[in-house]
Structures are given as structure tokens and as C-alpha cells.
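A.B. asks: My questions all concern the structure below.
The values are calculated or read from the model by the stated rules, or taken from the named source; none is laboratory data. On a predicted model such as this, the values are computed, not experimentally measured, just so you know. Neighbour counts run over all protein chains shown; Cβ positions are idealised from the backbone, glycine included.
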């Protein structure tokens, strides 16, 4: 079976590629999880974050934005001492800020899902890339998403992070056409 090169050398990455990456996500908590993890990954390798994902779920109470939005300085100290996550003060602070803004979007739009999928008209964009070399790092849609999230106070939501998020949650399908997952997602 043909897979993206990043998915062939580690069983965890293979499982992520084969079962999750590019599958449309519409559950708000799962969308918040992916947005958080993509922000945590900034400047790092996705494998690092994937290996720490279970620890992230535990440290951030299964990515419950209502709970995270109430975090205090005590929680930040706890998180900075947790070797199971990336202990970056700015990224931890961003998660708390983003949880608060996430709740505001839910109030305004009824769900984060309704808000975030609007950037592609509510539909998954199925690209027809033949090669990894032509897959962009960002698009007009990720630029628009990044800009709007930034205006709403979100942190660690640059266009490249937004595009990786869009790929992860199936807002775009960037499996190459020769990948066995291309027609499945």
C-alpha cells in the first residue's frame, strides 16, 4: 500500500496516517484537540507531539475547553513541570487563551465546527496532488482562517499551523492520489 513517506517508518505514524489524518472531524472537542496539538507542534516534529498526545490528553483534561478556560497560574506551573508535554510557557498560555476564545466562538456560531468549516464552504477540499513536492504549506483558506482566528484572540494559529490543522481534520484532503487513503477520506 502506498503511503506518504512520513507514515512508513514508525508504527505510530502509520496508524495515525491510516486511521486519522485527513478524516473529517466535526466534534468540537476533537477539533480543539487538533488545533492545540498543531500549535504545540510549531517548530517541532509531529512525531514528538504524537508520542506525547496521551500525556496531553491527561494534562489538559481530555481537551475540555470549558475546564481549560478556567486554568490559573497554579495550573500553568503544573503544566510547566509536566515532562509528558512540551513545556513551553507561550504554548501553554496559548492553549488556555485559545480555550476561552473557543468558547466564545461556540456561543457565537453554535459550535466551533460550524465556524471552522466555513472557510471551505462546509465541504472538504479534495486536492489531486500527484507529488508531495506540490502540496502547499498554506493556502488562501488557511490565510483567512489564521487571520480570523488571530482577530478573535487565538495564539499559535499562523497560516501554516492552520493548514496543517486543516489537513489533520479533513478540511482538506492532501493524501496524494496514489495513496491508498486518498479515496477513503
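A.B. asks: Does residue 52 satisfy the criteria of being exposed (fewer than 15 other Cβ atoms within 10 Å of the Cβ) and either modelled with pLDDT of 95 or more or out of contact with any strand residue (DSSP E or B) (no Cβ under 9 Å at 6 or more places or on another chain) (or both)?
C.D. replies: Taking the combined requirement at face value, the residue does not satisfy it.
A.B. asks: Right, something else. Where the second residue is surrounded by 16 or more Cβ atoms within 10 Å (Cβ to Cβ) and the first is assigned to a strand (DSSP E or B) and lies in region 119-133, which pairs have Cβ atoms under 6 Å and are six or more apart or on separate chains?
C.D. replies: If the second residue must be surrounded by 16 or more Cβ atoms within 10 Å (Cβ to Cβ), the pairs left are 125/172; 126/173.
A.B. asks: Okay, next question. When you look at residue 71, is it surrounded by 13 or more Cβ atoms within 10 Å (Cβ to Cβ) and closer than 26 Å to residue 123 by Cα, yes or no?
C.D. replies: When the stated conditions are applied, residue 71 does not pass them.
A.B. asks: Looking only at residues in region 1-53 that are over 15 Å from the mean Cα position of the chain (by Cα) and in contact (Cβ under 8 Å) with a residue 40 or more places away in the chain, which one is nearest to residue 105 (Cα to Cα)?
C.D. replies: Per the criteria, the residue is 18.
A.B. asks: While we're here: So, of the residues in region 75-98 that are in a helix (DSSP H, G or I) and touching a residue at least 40 places away in the same chain (Cβ under 8 Å), which turns out to be surrounded by the most Cβ atoms within 10 Å (Cβ to Cβ)?
C.D. replies: Going through the qualifying residues, I end up with 95.
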